[in-house]
Amino acid sequence: MADYRQMWTDLEMDLEKHDLLCEALPDAFGGIYLSQENRPQGMDFFDFVVAEIHGVRPAELIEHQQKGGKVFGTFCVYVPDEVIFAAGAISTGLCGGSQFWVPGGEKVLPTNTCPLIKASVGARLDKTCPFFRIADMYVGETTCDGKKKAWEILASDVPMHIIDIPQMKRAKDIDGFAEEIKEFIKVVEDFTGNKVTAQVLGESIKLINNKRKALQRLYATRKAALVPISGKDALLVTQIAFYDDPTRNAQMVNKLCDELEERIARKDGVFPENAKRILITGTPMAIPNWKLHHIVETAGAVVVVEELCTGTRYFENLVDESATTLDAQVRALAERYMKTNCACFTPNPGRIDDIIRLVRDYKADGVIDYNLQFCGLYSTESYLIKQALDAQGIPLLHIETDYSEQDFEQLRTRVEAFLEMLGK
Amino acid sequence: MIVAGVDVGSISTKVAVLTPEKITYKMAPTGWSPRETGLATYQGLLQELGHSEDDVDFVVGTGYGRISLPFVSKAITEITCHARGAAHLVNDSTMVIDIGGQDSKIIKIDQKGKVLDFVMNDKCAAGTGRFLQMIAAALGLDVAELSELSRGKTPLTLNSMCAVFAESEVIGLLAAGRDKGEIVAGLHQSIARRIASMAQRMGKAARITFTGGVARNEGLCSCLREVLGAEIIVPAECQLAGALGAALLARDYLS
Ligand code: SF4
Ligand code: SF4
C-alpha cells in the first residue's frame, strides 16, 4: 500500500494495531488470489482496489467530505443506497469480514454473537479501519437481534439512524417500509442539507440499477459450461461493489464481462469442464472473508453462484425506473427491497425458491449452506432448506464456521467428502 | 494385485493390505508424527507379509493425516473410506455411526457403501472418544472399564452437554457420593442422545453399523440401540473400517 499514514493519523486511527493488519493482508491475498491460474485480466483493477483498500477509496471519500459531502456507512442490503446518493452523499458498506477485528468486538459483545457483528463493532471501537472512521453517519436496521443491540452500543460513538425493516412481507409491511424510506429521506436531507427531489432520486435509481445490471451480467457468465471466472474472483468483485464508486464499479465490472464473454466464446475456462459446480447459500461473506471459496476451489470444484447478500441477494432485483413522482419512486423502492429474501423474515419461502431456481440456472451439482457461528436465523432456516433440497434430490452440505483459521482442515475434510459424494 | 489403505487418525494409525488371497491389518498409535507413523506402519505390515512397497499397485491414504503422506497414490476423506469399509463389513446397513478420538460422524450409505449424506461433529469434544477419556480420567478409571462398570445400573441424569462442564458435573456427583456405575451409565446415555439427535437428522435407519474405537463400549452400544430403536452392529474390525475402505477404494480405482 502507498503511504497513507498522514490520512490515517488525521482519522485518529490506532496506527500500531492497523500496521499489523496491513502486514497480514498482502500475504493472505497473495496466497488465496494471486496464486490462481489464468485469471482474467480485468481482475487487475479489483486486485488494485484490495491492495490499496485502506488508501485509495478512503482518500476519495475524504475528498468528498472536504467538498462538503457526507458519507453514510451501511451494514445490510435492505438499506436503500438510492436515497443516500440522491442527496449527493456517498454510501459505503461497513461489514467486517476479518478475524482481526473480532477481539475488539468481544470486549463489549457477548461471546455468542456472530463474527460479522463482532468484527463490525471491533473495527469501529478499535479504530483500525478508515471506512469506519470516515463515515459521518451509520445506518443500521432492525434485522437480527444481534445487530439491533449492537447499534445501541455503536450509537454512543457515532451518529446512527436505524431503519425499521419489517419482519413479514404482507401488503401492510410493504406500506410500512415505504413510510420508513420516506423518513430516511428526511433524515438524509437534514443531515446533508440537500433536497431529494424526484429528479435526483430518479437518477440515483438508475445509477444503482446500472451497478446491479453489471453484476447480473457478471454472474450470467458463470452459467457457462466452462466457467470463465473463479468463484473467488466473482466474490471479490461483489464484495468491492459495496465500497466502490457505483459508476466506476459498473464500468469496471462491464469491462471484465467483455473479457469473460470473449473467453466463453473461445471456450477458455478457469476450471475443467468436469469440475463440480457449487452453489453457496447462507450468511454474508464480508471482505476479506474468502475462506469457504478457497477451500472449495482448492479441492478442485468451482463456485458458480452465491445466494448471499454478497451475491445474488445484492443485485438480483432492479427498481422500476418508470416512476416520476417521489411517492411512486418510494413505492418502487419499497417493492424492490421487499423482494430480497433474508432469513430475518418469517416465513421466508422465497429464499428456498431462489436456491432451487439458481441450482437449475447455474447447473450446480451441489449446494453448500454456509452459516456464520451464532447466527440463529440462518442456522434455523437451514433445517427448512435441507428438507426442501432433499425433496428435490439436490445434495447439500451444511457448514458452520467463524472467521478464524482453526477449523480450516476440518472444513476441508467436509468439503472434500462432499465432493467425493458428488462423484468428483 | 496388491492394494493398501492407510488411515492416519488423530490417535491411532491403521493400515490394511489387500492381496488376492486375504486382508491383513496393522495398528499403531499415531504419536506426534503422522507422516512417519503412517510410513512405518505401512512398511511394517508389508514386511510381515514378505512384500515391498514396489509390489503394491495402489495406496489410498485417509484420515486427518492423509495429506502428509507422500507415498500414497491418492488421498480420500475418511467419510468416503469409512462408508466403503463399513458396507463391506456389515450387509444391508444404511447408516454408519463412527465415533473416533477427535470427532464423530454419521454417514448415510447405499448398498455399495457409497455416501448419500453425512454429518460430522468435530467442534465439540462431547460425543467423541476424547470426552469418554476425560470422564474416565476424572473417575480414576480406564476407558476399557467403563462398559463393565455401567452394566445394569440406572443412569443418572447428566445435564451438561459440554465436555468441560460435564467433567465438573461428574466430579460434583462423585463428591456427593453417587455410584460410579450410575454416573457412567448416565454418561453413556448422554452421549447416545447426542449422537442420536445427529443421526435422526439423516432420517430413519433400521440397521446401523457402529465403528471407531468407542464402538467397543458395549454399554454405550446398548444405549444407542435403545435411543435410536435400531439394530446396532459392531463389526469385529470396528476400528479398521477406514483403512479397509481405503484399500477397497484403491482396488476399485484400479479396476
Ligand atoms: S443477511 Fe439479512 S440482515 Fe444480514 S446483510 Fe443480508 S439482508 Fe441484511
Ligand atoms: S449473519 Fe446472522 S447474526 Fe450475523 S449479522 Fe447477519 S443475520 Fe445477524
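Structure summary
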item: All positions within the range A:19-52 that are part of a loop (DSSP other than H, G, I, E, B) and free of Cβ contacts under 8 Å to residues at least 60 places away in the same chain; result: A:Ser35, A:Glu52
item: Counted residues, the range B:21-70 - those being without any contact (Cβ under 8 Å) to a residue 40 or more places away in the chain, at negative phi and assigned to a loop (DSSP other than H, G, I, E, B); result: 8
item: Any hit, the range A:286-307, residues being in contact with a strand residue (DSSP E or B) (Cβ under 8 Å, 6 or more places away or on another chain), in a helix (DSSP H, G or I) and within 16 Å of ligand 1 (Cβ to nearest atom); result: yes
item: Residue list for the range B:84-100, filter: aliphatic (A, V, I, L, M), at pLDDT 95 or above and over 30 Å from B:Asp54 (Cβ atoms); result: B:Ala86, B:Ala87, B:Val90, B:Met95, B:Val96, B:Ile97
item: Yes/no for B:Leu187 being surrounded by 19 or more Cβ atoms within 10 Å (Cβ to Cβ) and outside any helix (DSSP H, G or I); result: no
item: Answer from A:Pro228, A:Pro166 - the residue that is within 16 Å of ligand 2 (Cβ to nearest atom) and crowded, with 18+ Cβ neighbours inside 10 Å; result: A:Pro166
item: Looking only at the range A:98-131, and only at residues there that are in contact with a Leu (Cβ under 7 Å, 6 or more places away or on another chain) and closer than 15 Å to A:Ile53 by Cα, the one that is surrounded by the most Cβ atoms within 10 Å (Cβ to Cβ); result: A:Thr128
item: Set A:Ile394, A:Ile355: member being away from every other protein chain (no Cβ under 14 Å) and of a type outside the set (Gly, Ala, Ser); result: A:Ile355
item: Meets criteria (among the aliphatic types (A, V, I, L, M), away from chain B (no Cβ under 14 Å), without any contact (Cβ under 8 Å) to a residue 60 or more places away in the chain and within 12 Å of ligand 1 (Cβ to nearest atom)) for A:Ala328; result: no
item: Strands (runs of 3 or more DSSP E) fully within the range A:77-164 counting 3 or more residues that are touching a residue at least 60 places away in the same chain (Cβ under 8 Å) and not β-branched (Val, Ile, Thr); result: A:137-141
item: Among residues of the range A:397-424, those that are exposed (fewer than 15 other Cβ atoms within 10 Å of the Cβ) and either within 8 Å of chain B (Cβ to nearest Cβ) or over 22 Å from A:Glu297 (Cβ atoms) (or both), counted; result: 1
item: Any chance A:Ala334 is crowded, with 18+ Cβ neighbours inside 10 Å, within 16 Å of ligand 2 (Cβ to nearest atom) and not hydroxyl-bearing (Ser, Thr, Tyr); result: no
item: Residues being under 21 Å from A:Gln65 (Cβ atoms) and within 21 Å of the chain's Cα centre (by Cα) - total across the range A:178-207; result: 2
item: Pairs, first closer than 13 Å to B:Lys105 by Cα and outside the structural domain of B:Asp98 (by TED's automatic domain parsing) in the range B:178-205, second basic (Lys, Arg) and in a helix (DSSP H, G or I), C-beta under 8 Å, six or more apart; result: none
item: Lone unmet requirement of (1) among the hydrophobic types (A, V, I, L, M, F, W, C); (2) within 16 Å of ligand 1 (Cβ to nearest atom); (3) crowded, with 22+ Cβ neighbours inside 10 Å for A:Cys344; result: (3)
item: Residues (within 16 Å of ligand 2 (Cβ to nearest atom), hydrophobic (A, V, I, L, M, F, W, C) and more than 18 Å from the chain's Cα centre (by Cα)) located in the range A:347-376; result: A:Phe374
item: The range A:132-155 - residue that is away from ligand 1 (no atom under 16 Å from the Cβ) and within 15 Å of A:Gly73 (Cα to Cα) and, of those, surrounded by the fewest Cβ atoms within 10 Å (Cβ to Cβ); result: A:Ala155
item: Search result, residues across the range B:92-104 that are charged (D, E, K, R) and touching a helix residue (DSSP H, G or I) at 6+ places or on another chain (Cβ under 6 Å); result: B:Asp98
item: Search result, residues across the range A:361-384 that are within 14 Å of another protein chain (Cβ to nearest Cβ) and away from ligand 1 (no atom under 14 Å from the Cβ); result: A:Gly366, A:Val367, A:Ile368, A:Gln373, A:Tyr383, A:Leu384
item: Where B:Glu48 falls short, out of the listed (1) surrounded by 22 or more Cβ atoms within 10 Å (Cβ to Cβ); (2) of a type in the set (D, E, K, R); (3) over 20 Å from A:Arg414 (Cα atoms); result: (1)
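The values are calculated or read from the model by the stated rules, or taken from the named source; none is laboratory data. Being a predicted model, the structure only gives us computed values, none of them experimental. With ideal geometry, Cβ positions are generated from the backbone for all residues, glycine too; neighbour counts draw on all protein chains shown.
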